[in-house]
Amino acid sequence: MEGGGGKRRRSEGGGHEEVAEEEEEDRISDLPDALRLQILSLLPLKSAIRTGALSSRWRGLWEQRWPEPSSVRVRLPPGAAGAAARVEQFGLIDRRGRRRVDCFSLAFHGGQLAQPDLRRCLDYAAACEVEDLQLRLDGSSGRGSRGGGGGGATRGRGMLTVHFPVGSRLLARLSVRGLNLTAAANAMVATLEVIHLHSVFLTDAALRRVVGACPRLRELDLRYCRRLRRIDFSAVGVPNLRSFTVVDCSRTTEVRVLVAPRLRSFRFSGAFLSSNILSAAGGSLEHLYICSGGPETGLPPTNLPTSVLNLSNLSVLTLCSIALQYISASTAKAVTESKLHSLRELHFLMFGMANSNLADIYSFLKTCSFPQLERLFVQLPTNIRDSFTENFLEVAEEDPPKGGLENLWLAKMTNFKGHRNEMQLVEFLLRKSSLKKLLLIAPTEDHPQVLCKIQSDVLPSLLKKEIMHLERASANTQIIFSEPDGPQIQPLHSEVFVRF
């Protein structure tokens, strides 16, 4: 055969016949490194990384695919130094040329850039086929300068504006903070998978156009976008959305997602609203965070907390004390069957620990069966007074559940002060579960001189001794009064969006 790539075998007649199959040769791997690096430079970052599985000669080669740094980060310090830094860093961009870049990051303060400057940066990032675009305006309440950013502008007029789409055909991740965002109709950004918007001024329609333009969108994070009123994706669909976060979008009154078959994580923090997001996720939702800083009086209509009980595939659940109140009130009116049989981690964020709060915890544990629950976290309020002493005559006590925590091996209570209802919960956990570890962590104190929080040992020795002598279902339960080093014993939802 031509090229010598074939094989021959002896036939029954004594001759030879050619075998159709030819030996495959990996000629691409035999190319010089310079040529293989040129090939990698034409690929998106993810595809370039995956070439490491081809052979040992490709492994790690993607890290060298560009001699220049694959990230461009422009940081303008505040004050007069920012003007000099602007000239210097823009000059570096011009000298670098328009070679491919993985990440382009721009961070500046109000008054430092005008709209043409921002447009210049966006055009450069698009020309370099950026994959990760990060834009951040700090200070001035998210408003830009009067020259193009409108330092005193209201309702978005004069703000620096990002026009979506930004133009890069390889854009996979977009993060915007403190800017105005508009979106063209009928746009398509087939590569965009992650969108983070923080303190961004955009309309409901603009958000729908952005999401509708991204069929591969898998992560959407909206924080402090306070012009949004109705987050409604019922018309555009989010077939690939896996993670959805909404934090303090204070004017939002509704979240509508009709179909989200792949949604795995939903985090919501803010005033409760009418929502069918949980029913849209169906059995796919695995991680759920629901927290509200209000209301102080009354419970407005919402299906958000009460829909929790129907999520059969949920493995991690974080609820605030107000969400617990909704569920407790709902189950008190009608017999409700819980489907939370797959739950492995439960996290309570308690704004108070009065009798009613303890009763809500007990009611929830009674209503739901947790045969697989392994980890329980309770974040207690930081107030010094014992709220039990203020209302114990007003609220009837709830009997604790009799079982259902057979597999619980870890419980952790932060901001523990030894108040009456806190102690009742500790006694219940020790008696009704075979804990391996019970962590009781005292509140932290602010120390401005060291710019951090330091745990204060506020638990008297007599209280510790009392706890150590409480009745336990397991003699092997270890009771710990200090925060362990490292993140091993932390809840999955360690990021809490409200202050305690």
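We did not get these values from a lab; they are worked out from the coordinates using the rules stated. Computed from a predicted structure; not experimentally measured. With ideal geometry, Cβ positions are generated from the backbone for all residues, glycine too; neighbour counts draw on all protein chains shown.
May I ask you to derive the FRET efficiency for S234 and N313 from their Cβ-Cβ distance with R0 = 22 Å, giving the value to the nearest 0.05?
Details: r = 22 Å, r/R0 = 1.02.
In this case the efficiency is close to 0.45.
Once you've got the Cα coordinates, tell me which of K436/K465; K402/K436; K402/K465; K333/K417 are over 28 Å apart.
Details: K436/K465 19 Å; K402/K436 19 Å; K402/K465 26 Å; K333/K417 34 Å.
With Cα atoms farther than 28 Å apart: K333/K417.
Taking 0.36 nm per residue of separation and subtracting the Cα-Cα distance, what length does fully extending T306 through S175 add? If you can, show how the numbers build up before the last one.
Details: separation 131, 0.36 × 131 = 47.16 nm, distance 3.27 nm.
Computed gain between T306 and S175 is 43.9 nm.
Hey, can you rank 161-174, 46-59 by average C-beta count inside 10 Å, highest first?
Working: 161-174: 19.2, 46-59: 13.9.
Going by the mean number of other Cβ atoms within 10 Å, highest first, we get 161-174, 46-59.
Using a Förster radius of 51 Å, what is the FRET efficiency between A205 and L410 based on their Cβ-Cβ separation? Nearest 0.05, please. Numbers along the way, then the final one.
Details: r = 46 Å, r/R0 = 0.91.
That gives a FRET efficiency of 0.65.
Measuring from centroid to centroid over Cα atoms, what is the spacing of the range 27-102 and the range 326-384 in Å?
Each part's Cα centre sits 50 Å from the other's.
Below 8 Å, C-alpha to C-alpha, sequence gap of six or more: please give me the relative contact order for the range 333-373 in percent.
On the way: 29 pairs, mean separation 28.4, N = 41.
Relative contact order for the range 333-373 comes out at 69 percent.
Would you mind computing, in nm to one decimal, how far apart the modelled labels at E88 and A475 are, each placed 7 Å from Cα along Cα→Cβ?
6.9
Can you compute the FRET efficiency between T182 and S284 using 1/(1 + (r/R0)^6), with r the Cβ-Cβ distance and R0 = 30 Å? Round to the nearest 0.05.
Values: r = 32 Å, r/R0 = 1.07.
Approximately 0.40, to the nearest 0.05.
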